[in-house]
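Notes for the one structure printed next.
Just so it is clear, none of the values below were taken in a lab; they were calculated from the coordinates. Everything numeric here is computed off the predicted structure, so don't read it as measured data. Cβ atoms come from the backbone with ideal geometry, glycine included; neighbour counts cover every protein chain shown.
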Amino acid sequence: MKKEGSDIDEDTIKRYVRDHLAKYKVPREVIFLDELPRNPTGKILKRELREMQV
């Protein structure tokens, strides 16, 4: 999720990660969401995130 008014893009994030982390940790893709799916107690629903990528 990016801040309102932010002009950051996928390439900028990948470049930063590539410069600061090991090669195998660089994500293949970056997806921007308005909000993360959460259950009623506020925990992030990882299963729904995985299903969004399919």
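Once the Cβ-Cβ distance of LYS43 and THR12 is raised to the sixth power relative to R0 = 30 Å, the FRET efficiency obtained is 0.55. Taking a ≥ b ≥ c as the square roots of the eigenvalues of the Cα gyration tensor, the stretch 10-53 is classed as prolate, since a/c reaches at least 1.5 and a/b is larger than b/c. Hey, if you put +1 on the Cβ of every Lys and Arg and -1 on every Asp and Glu Cβ in the stretch 10-53, which of LEU49, LEU21, ASN39 ends up farthest toward the positive end of that dipole? Final value for the positive-end residue is LEU21. Rounded to 0.05, the FRET efficiency of the MET1 and TYR24 pair, given R0 = 25 Å and the Cβ-Cβ distance, is 0.55. The length gained on full extension between ILE31 and GLU51, counted as 0.36 nm times the residue separation minus their Cα-Cα distance, comes to 5.9 nm.
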